[in-house]
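Reading through the structure tokens given below for one structure.
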Amino acid sequence: MRKKLIAANWKMYKTPEQTAAFFREFLPLVAAHTRDEIVVCPPYIDLQTAVAAAEGSNVAVGAQNVHWEKEGAFTGEISATMLTSLGVTHVIIGHSERRQYFNETDDTVNRKLEIALENGLTPILCVGEVLEEREAGLTEDVLRRQCMRAFNGISARKAAKLVLAYEPVWAIGTGKTATPQMASDAHQVIRHEAEKAFGKEFAEGLRILYGGSVKPENATVLMAEAEIDGALVGGASLDPASFTKIVKY
Ligand code: 13P
């Protein structure tokens, strides 16, 4: 049995004050919850506040991005060791918004994955097709390519902590959700790529989250799917009550 992971991706929302307020309300609501792993990924500037607030709780803190080099002249960037030194344990890599707006490529995703794993972070690697690709029947090809290139040169031993997130781009922030069947099919493609790269046992243990307009109203149906091992939640994770309902699907 794969333990499900429910992760919040706050994107560019909340100040440190708002982060502290979220945790004050959220932690008591989920304090007794052990069925699923819970991770909150706020903007960089909120990480310290989030880690301090979540200390000793059942909620882990993740970043939304990381640079692929150890350190150097990379103005505005943040390294993996900077994240771990704060107590951050997870990091989202290759989110479609970074691929779309910030020139993230399969190659940089691969390099980021490597440095995250080297530093003991749990990467949440995002893959997913855009609407035109789905309509052209290219979903499988896109997922295979994104996985294959992301996994390039990484051993199964090194990849042990890896988590995948299937996020169809057309479902992000649109209120359109993939049907459980669509998500399940995509997850099987991803699991198969993981099997090719890392072996059968690894693939069977790999958690693949679904992301894209996950809401309290659809979480139960999605999480009932055997292939769906959790959720990566955007908009609906910003409110403690709404995110709690998803955690407790
Ligand atoms: P929404 O839940 O707002 O659709 O965002 C999904 C997402 O991009 C999570 O990473």
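Things worth noting here:
- Bridgeable lysines around Lys11 (alpha carbons under 27 Å apart, same-chain partners fewer than 8 residues away excluded): Lys3, Lys70, Lys112, Lys161, Lys176, Lys215, Lys245, Lys248.
- Principal axis dimensions, the stretch 26-74 - Cα atoms, whole angstrom, descending: 44, 20, 15
- Footprinting exposure proxy for Thr19, Thr179 (fewest neighbouring C-beta atoms within 10 Å first): Thr179, Thr19
- Against the empirical 2.2 N^0.38 Å (N residues), the stretch 82-208 has a Cα radius of gyration ratio of 1.03.
- Relative contact order for the stretch 129-230, counting Cα pairs under 8 Å that sit 6 or more residues apart, in percent: 33 percent
- Just so you know, the Cα atoms of the stretch 25-146 work out to an Rg and Dmax of 16.2, 48 Å.
- Quarter the surface of the alpha carbon convex hull of the chain and you get the mean projected area, 12.3 square nanometres.
- Between the beta carbons of Glu201 and Gln48, assuming R0 = 35 Å, the FRET efficiency works out to 0.40 to the nearest 0.05.
- Considered as an equivalent ellipsoid built on the Cα gyration tensor, the stretch 2-92 has semi-axes of 24, 15, 11 Å, the largest given first.
- Gyration tensor (alpha-carbon) shape descriptor, the stretch 90-143, a/c threshold 1.5: prolate
- Value of relative contact order over the stretch 41-144, rounded to a whole percent, pairs C-alpha under 8 Å and six or more apart: 24 percent
- Label-to-label distance for Thr15 and Ala136 is 4.4 nm, based on points extended 7 Å past Cα in the beta-carbon direction.
- Most mobile listed residue (Phe202, Phe26, Phe102) in the chain, GNM with C-alpha springs under 10 Å: Phe102
Coordinate-derived values only; no laboratory data. Values in this document were obtained by computation on a predicted structure and should not be read as measured data. Counting neighbours? That spans all protein chains shown, and the Cβs are built from the backbone with ideal geometry, glycine included.
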